[in-house]
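Here is the structure we will look at.
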Amino acid sequence: MELYRSHVLICGGTGCTSSGSDKIEARFHEEIKKNGLEKEVKVIRTGCFGLCEVGPVVVVYPEGSFYAHVKEEDAKTITEEHLLKGRIVKDLLYYESIEEDSDQVKSINEVEFYKKQVRRVLRNCGVIDPENIEEYIAMDGYAALGKVLTEMEPADVINIMKQSGLRGRGGGGFPTGVKWSFAAGAKGDQKYMICNADEGDPGAFMDRSVLEGDPHAIIEAMAIAGYAIGSSQGYVYIRAEYPIAVHRLEIAIGQAKENGLLGKDIFGTGFDFDLEIRLGAGAFVCGEETALLQSIEGFRGMPRPKPPFPANKGLWQKPTIINNVETLANIPQIILNGAEWFASIGTEKSKGTKVFALGGKINNTGLIEIPMGTTLREVIYDIGGGIPNGKKFKAVQTGGPSGGCITYEHLDQPLDYDNLIALGSMMGSGGMIVLDEDNCMVDIARFFLDFTVDESCGKCTPCREGTKRMLEMLVKITSGQGEEGDIEKLEKLAYTIKDSALCGLGQTAPNPVISTIRYFRDEYEAHIRDKKCPAGVCKNLLTYYITDACIGCTKCARNCPVNCISGEVKKLHVIDSDNCIKCGACMEACPVDAIIKR
Amino acid sequence: MKSLAELAKIRDEAKNKIDLRGKKNTRIVVGMATCGIAAGARPVLLALVEEIKKRNLNDVEVVQTGCIGVCVLEPIVEVYNETGEKVTYIEMTPEKARKVIADHIVNGKVVSEYTIGAKKA
């Protein structure tokens, strides 16, 4: 390996790849060759930088210049100006959207988005080449595995996990060390270590990004966990919809085997551990641990009752530990830096950091990692850069369909496991969908129920039938057919399903309904009593009007797909409400905002 | 992987190569505008990088910059220490660059005969 004077890091996460970062990479290679810089400049494809909103992202070191929204042809400009002549291409630098009059930010260290973050899980994402094991080793990779195998007993490893206070990042929040101790104490000739990479929550993508950006960290953590519980075989259960993550994981497993970091007699200590990938077909329920086990065994992914818990009877009835990707990503660092280091940030019962996937109505869409206990306000305004188009913040849906919404009045609440549950939501996998005043909360509840109905495996009646009935009622309300008493019926059904469903999917499926009724009951009432959708989303409850502001330009009439707008040139136009299909095309076409919906 | 020593060896070798991506104490800035390149800044830059690699100087970064404005004195190299104080070297060559690394960066002794002050005097 040569030493280069400059490194060009191109984001190879799914977000940036889908906006063409692979083509940009190819173009950089071409331009660098053309200018004879192959020996001076190295191009590296990394994992997700986090600020997906401004992707494709390219960072040039040593300056740390953060280029945003890079296009293919920009590769030429950056090569000729920055790499060849040392002039940073100011026009392409990321513009800080948070402060309107701020200057362009020159270096990645100056970006507001990163300032409040503490990147532990994501520390290597966007820094190293995930397809090169040497770069991971350079960042102290596999040192934790070495330390565990040569200096520690399995019980010590479990103890350090318990002391650290690490809790499962997949949703439930069960203490990791305690879980491991169950499997370590269980009897069985063979034990299994499973990584749950079946990330199905709408809006969550941190597990994918970790696997794409730092796959070796997961391999290392699984081997450590395997040692702690006495397992020699691991599986990564990952959904086939994550092709880049699967690809990089395959490469990483291959490299680990070549280097003797997986397989027999690791570090000459006699410890054997092997790892295989199992692809899931993308069923939401397969993220539930017992359904996941069924799926690996080759059956339909359906949950079974617990107990027995997988730690005692898991895969093929053998003791099995299932940990989520983000949980695992913390483990090597806890071993290297100690339990106190890990517990030094966070809240009393929630230690460490949490990765959130920010999506929806927010300026900086992307992936953030913050200490537990950071307030919602800091997330939305300081890191997320606020709500676009000057709209008002309404709520955040956390934890996907298993979670609920937290609202304006909770902006100063610290985000941790227990607080979120107290607010009627949950941490879940960490998806955060930001909603503004234009979102109808009844419609949001309907959206999530729609998802759950699709994803219910059908094994138990409460979930199979109950969620379907709830969805029907929500559809009824949003289409203007709601009746008095519907809210109470919905609530009753919701709590019945919660108490009787077989697995986590069904037990949490009513959460979006319960929490939206709790905080936005008035919106439900407006739909039912007044037949109005206050946010202007539910089509059947809307009517489009043309106000006096109309200048008679005829644009609306020309854009109307059903020809229901009439009026003479330069005179007020009128919409025929009976024929209007409420598509909104006229509203978009109007140059003077004369069309309103009520 | 048979031992921790083996892992440590790989780590130390690989660390140097990705060191560009961290914060450094010393910063060497090379003028690489058209005038600088025409005057021979590129071989100077490469010599600096090579010398730094040879000596495992992990906390030194080499960056390039645009025209400093005194084109007649190019190639220009500026060395900033951790407090931001700088020394400007002018009319550099690869040989001079190597000496700057050895004397100034490693031993902390400014090579005054190459500095901009020497020219004026």
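List of remarks:
- Applying the Kirkwood pairwise sum to the alpha-carbon positions of the protein assembly as shown produces a hydrodynamic radius of 28.4 angstrom.
- Percent antiparallel among DSSP beta bridges (both partners in the protein assembly as shown, rounded to 5): 55 percent
- Computed over the range A:442-598, the convex hull of the alpha-carbon atoms projects to a mean area of 10.3 nm².
- Reciprocal mean inverse distance between Cα atoms of the range A:351-435 - Kirkwood radius, Å: 12.4 Å
- Interatomic Cα distance distribution for the range A:254-407, bins of 10 angstrom, percent: 9, 24, 29, 27, 10, 2, 0
- Put a plus charge on the Cβ of each Lys and Arg, a minus charge on the Cβ of each Asp and Glu, and nothing anywhere else: the dipole of the protein assembly as shown about its Cα centre is then about 440 debye.
- DSSP-defined beta bridges in the range B:3-114 - what % are antiparallel, rounded to 5: 55 percent
- Per-residue [θ]222 nm for chain A (sum of -39500 (n - 2.57) over DSSP H runs n ≥ 4, rounded to 500): -10000 deg cm²/dmol
- DSSP-assigned coil residues among GluC sites (Glu not before Pro) in the range A:11-93, each with at most 16 further Cβ atoms within 10 Å: A:E38, A:E72, A:E73
- The smallest convex shape that holds all Cα atoms of the range A:212-254, its convex hull, gives 64 Å³ per residue.
- The accessible-area loss of the range B:1-15 on complex formation, taken against its chain alone with a 1.4 Å probe, reaches 20 Å² or more at B:M1, B:K2, B:L4, B:L7, B:I10, B:R11, B:A14, B:K15.
- Stokes-Einstein D in µm²/s, Kirkwood radius over Cα pairs - the range A:170-237 at 10 °C with 1.306 mPa s viscosity: 120 µm²/s
- Rounded if a/c under 1.5, otherwise prolate or oblate - the range B:1-86, Cα gyration tensor axes: prolate
- Dipole-positive endmost among A:V325, A:A283, A:P303 within the range A:265-325 (Cβ charges, Cα centre): A:P303
- Among the listed pairs A:K392/A:K555; B:K15/B:K54; A:K313/A:K354; A:K191/A:K257; A:K555/A:K597; A:K39/B:K15, those beyond 22 Å (Cα-Cα): A:K392/A:K555; A:K313/A:K354
- The lysines within cross-link reach of A:K468, meaning a Cα-to-Cα straight distance under 29 Å and a gap of 8 or more places when in the same chain, are A:K306, A:K361, A:K394, A:K459, A:K476, A:K489, A:K492, A:K498, A:K531, A:K532, A:K539, A:K582.
- Global geometry of the range A:518-589, whether rounded, prolate or oblate, following the gyration tensor of its Cα atoms and the 1.5 cut on a/c: prolate
- Gyration tensor (alpha-carbon) shape descriptor, the range A:230-278, a/c threshold 1.5: oblate
The values are calculated or read from the model by the stated rules, or taken from the named source; none is laboratory data. Keep in mind that this is a model prediction, so the values were computed, not measured. Counting neighbours? That spans all protein chains shown, and the Cβs are built from the backbone with ideal geometry, glycine included. In case anyone asks, the SASA skips ligands and DNA or RNA and just uses the protein heavy atoms, side chains included. Shrake-Rupley method; radii C 1.70, N 1.55, O 1.52, S 1.80 Å.
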